[in-house]
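Below: one structure, written as structure tokens.
What follows is calculated from the coordinates using simple rules that are stated; it is not laboratory data. Since this is a predicted model, take the numbers as computed values, not measurements. Note that we place each Cβ from the backbone using ideal geometry, even for glycine, and neighbour counts take in every protein chain shown.
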Amino acid sequence: MAETTVPHWMIGAALALFGTAVAAENMLQPTGFADIVAKVKPAVISVRVKLSGSAEPALNRDDEQQIPAQPGAPLDRFFRQFGDQFGQQFGPHAPQRRDTITGEGSGFFITADGYAVTNNHVVDHARSVQVTTDDGTVYTATVVGTDPKTDLALIKVDGDMSVVQHLYADRVDFCTFGNSMPFRIRIVNAYNDNQDYIYIKKADASRVYGLELEHLLSPNRLNFITRGSTLVEEHIAGVPGDIFITGWLQRPELSPVRVAKELIKFNERCFVQLLGDMRSYNFVFVVTPDFEDFQLKIRAMDFDQQSYNGRKNFYRPQFFKENAALVLFCTKHLRAETANQYQREEQTMMMQRAELAARRLSVLLGAMERDPISAPEKVHQLRESLAEHYGRPEYMVCESMGALVRENLESIRRRVGRPAIAVLAPEVH
């Protein structure tokens with residue numbers, strides 16, 4: 001197993017950051033030992049190794065005085081203090097299965113993407129390394145670097161690739177539809193030829209915020225991951241809106257009222273979330289056969305214009321010429337009273353979703369409020385329009401797009417008469 005010697009200051013710096021974060025949190029309120037254990041336990045891992053040749057780790061010997069190899073090293077103190085609290089699974093006296101496990105130790109994650117710290121003597125001469133997390137999940141790890149002087153080692157946990165070895169990338173397309181113009185990759189199962197699609201896009205702030213808000217406030221669920229400036233997004237199945245207008249809108253098997261109802265609801269979600277540029281080619285219709293007729297849902301599929309533009313109507317799909325046929329269809333089949341009913345229904349559902357995801361939504365809006373995702377003049381232009389639209393002067397103190405989304409949620413909360421959500425309430429000035 002290839003590895004490099006890492007300067008001890010690099011691992012020490014990581015440990016210092018970890019310790020500083022824990023110390024800062026503990027300063028906020030008195031914390032008992034059990035509270036500390038509860039907080040750090042999910043980060044603690046069991047490290048099991050198989051050794052090369054006749055090498056034997058100190059941790060597997062019966063002599064307790066040799067655990068760890070260098071008394072006083074950073075992890076020595078940590079694991080002697082916490083070992084018993086985490087049980088034998090992570091303790092230095094865990095049962096040894098000498099027929100399959102040659103050495104065993106402990107460690108803890110220091111980053112969310114799988115980097116962990118353990119003792120150098122645990123992984124020294126290791127032929128393979130396995131990591132077991134607090135919930136019992138087992139992963140394969142690689143040794144990134146070691147520092148024998150401080151008896152520290154940095155390891156990296158990767159996902160279990162054995163379950164996807166039969167998948168392969170069959171085709172890569174450059175897509176010209178929508179605003180993002182992504183690469184579309186077709187993933188094929190070699191055993192049964194089943195196909196799935198993923199999209200590779202630029203992970204700009206607006207798009208990621210849009211995906212998160214859609215996931216939390218709409219009835220739709222989205223799967224995506226980001227790494228650096230790259231976004232990997234699942235395919236959103238459905239009939240693109242522009243194709244639906246020309247080929248589906250007048251089909252007799254579709255209920256006109258159901259189509260119009262979903263348009264009203266979709267329009268309201270976009271406006272509250274400040275998801276802009278929802279022209280017909282940026283959303284899809286999901287058509288589902290039901291026992292009497294067809295059910296319809298509308299899903300956004302491009303989020304790069306989330307909370308950026310300063311014009312109010314940019315966030316109202318009915319004002320785009322590409323959607324004119326849909327607007328005429330709504331006015332033909334819905335009375336104003338019914339449209340108001342459907343709008344209120346969607347506002348109520350959005351507030352129920354916001355309550356269920358209040359803490360996560362609060363963190364997201366907080367990040368949006370600190371992130372300059374749009375120019376100040378656009379924020380000021382939009383806040384004036386929203387203050388007039390909702391009849392609430394509170395908008396005029398908003399200095400970010402995140403603050404405007406928060407005020408939108410407060411506006412519809414007041415309209416539907418839901419209880420206030422403390423973590424989502426706008427800051428009082």
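Amide H contacts of residue 203: 230, 231, each under 5 Å away and 5 or more positions distant or on a separate chain (H built 1.01 Å from N in the peptide plane; Pro and chain starts excluded). Residues 302, 124, arranged from fewest to most other Cβ atoms within 10 angstrom of their Cβ, appear as 124, 302.
For the peptides 142-151, 397-406, residues were scored by their other Cβ atoms within 10 Å and the scores averaged per peptide; the highest-first order is 397-406, 142-151. Cα-based values for the range 239-424, radius of gyration first and Dmax second, are 17.0, 51 Å. Computed from the Cβ-Cβ distance with R0 of 25 Å, the FRET efficiency linking residue 331 to residue 311 stands at 0.65. Spin-label model, residue 290 to residue 250: label points 7 Å out along the Cα-to-beta-carbon direction sit 2.5 nm apart.
Under unit Cβ charges (Lys, Arg +1; Asp, Glu -1), what dipole magnitude, rounded to 20 debye, does the range 239-424 have relative to its Cα centre?
300 debye
Computed extension gain for residue 239 through residue 226, at 0.36 nm per residue and net of the alpha carbon distance, reaches 2.1 nm. Centroid-to-centroid, using Cα positions, the range 244-303 and the range 376-429 are 27 Å apart. Summarised in one figure, the compactness ratio Rg/Rh of the range 318-365, Cα atoms and Kirkwood Rh, is 1.18.
In the distance distribution for the range 365-419, Cα-Cα pairs more than 17 Å apart total 34 percent.
Remark: the residue 358-residue 381 segment gains 5.5 nm on full extension, using 0.36 nm per residue and subtracting the alpha carbon distance.
Sorting 245-256, 363-374, 385-396 by their mean Cβ neighbour count within 10 Å, with the most densely packed peptide first, gives 363-374, 385-396, 245-256.
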